Amino acid sequence: MRIYLTLSFSLLFLPVFSQVLNKLENGIAYDESRVRPFMRKLHSKNDFVFAYRSYFESTASSESKYFVLTVKGEEIKAYRYSRDMLKKLNLSKYSLDQIWRTFRQNDLEKIRNERDIPNFCAKKYEIYDSHTYEFTILSASQMKVLSYYSPEYYLEACYGISERQNILNAVAIINQFAPEY
């Protein structure tokens, strides 16, 4: 009897729990005009789209290359986007699972953008023209952009924002399993 009760409870509430996974915290309503065309195309076919790029402020946005992870149900795919071309990356299921697991463990769908986190730091403006790590995250009805300026430097110089470590962990796993992106 307990088995049937547990099974029925699981089947009844499984859809509720799976919906929670599609909700972004600290996000805004999905706005097609705020994302690049390749992201729009992937968004229309997936539950989640994570588009990562590293750039310098002086570099034009069109020159950026992106690592893109898409999730639809249990299916995970990775892409490279560069120079108006989207190319599927040939990563193993293990690699894709590790990247997705790291994104989830580091709460990318929950953490806030660096600019939205209050943190006074005397060394805030000591470096100029450094890199920015940016994740654009799209779910079914929401989106958010996580932008962190020189997080390696500021993790040490301006402690107090644990989200920087989350971003560094996500970037490290991409570099480990998809260095060719």
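Here the stretch 68-95 is the region considered, the condition is being among the aliphatic types (A, V, I, L, M) and in contact with a helix residue (DSSP H, G or I) (Cβ under 8 Å, 6 or more places away or on another chain), and the residue that is surrounded by the most Cβ atoms within 10 Å (Cβ to Cβ) is Leu69. In this entry, Asn90 passes the filter for residues that are out of contact with any Asp or Glu (no Cβ under 6 Å at 6 or more places or on another chain) and closer than 20 Å to Gln176 by Cα. When Glu57, Glu32, Glu63, Glu74 are checked against the criterion of being closer than 18 Å to Met143 by Cβ, acidic (Asp, Glu) and modelled with pLDDT of 60 or more, Glu32 stands alone in meeting it.
Scanning the stretch 105-147 for residues that are modelled with pLDDT of 95 or more and aromatic (Phe, Trp, Tyr) turns up Tyr133, Phe135. Scanning the stretch 48-85 for residues that are more than 24 Å from His131 (Cα to Cα), in a strand (DSSP E or B) and among the charged types (D, E, K, R) returns Lys72, Glu75, Lys77.
The set of residues in the stretch 163-181 that are in contact with an Asp or Glu (Cβ under 7 Å, 6 or more places away or on another chain) and surrounded by fewer than 20 Cβ atoms within 10 Å (Cβ to Cβ) contains only Leu168. Restricting attention to the stretch 125-138 and to residues that are surrounded by fewer than 18 Cβ atoms within 10 Å (Cβ to Cβ) and touching a residue at least 24 places away in the same chain (Cβ under 8 Å), the residue that is farthest from Ser162 (Cα to Cα) turns out to be Asp129.
Rundown of residues vs (1) buried (at least 19 other Cβ atoms within 10 Å of the Cβ); (2) touching a residue at least 12 places away in the same chain (Cβ under 8 Å); (3) assigned to a helix (DSSP H, G or I); (4) out of contact with any Leu (no Cβ under 7 Å at 6 or more places or on another chain), yes/no style:
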| residue | (1), (2), (3), (4) |
| --- | --- |
| Asn46 | yes, yes, no, yes |
| Ile99 | yes, yes, yes, no |
| Lys110 | no, yes, no, yes |
| Lys123 | no, yes, no, yes |
| Ala140 | no, yes, no, yes |
| Lys144 | yes, yes, no, no |
| Ser147 | no, yes, no, yes |
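The values are calculated or read from the model by the stated rules, or taken from the named source; none is laboratory data. The model shown is predicted, which means the values in this text are computed figures rather than measured ones. Don't worry about glycine lacking a Cβ; one is built from the backbone with ideal geometry, like all the others, and counts go over all protein chains shown.
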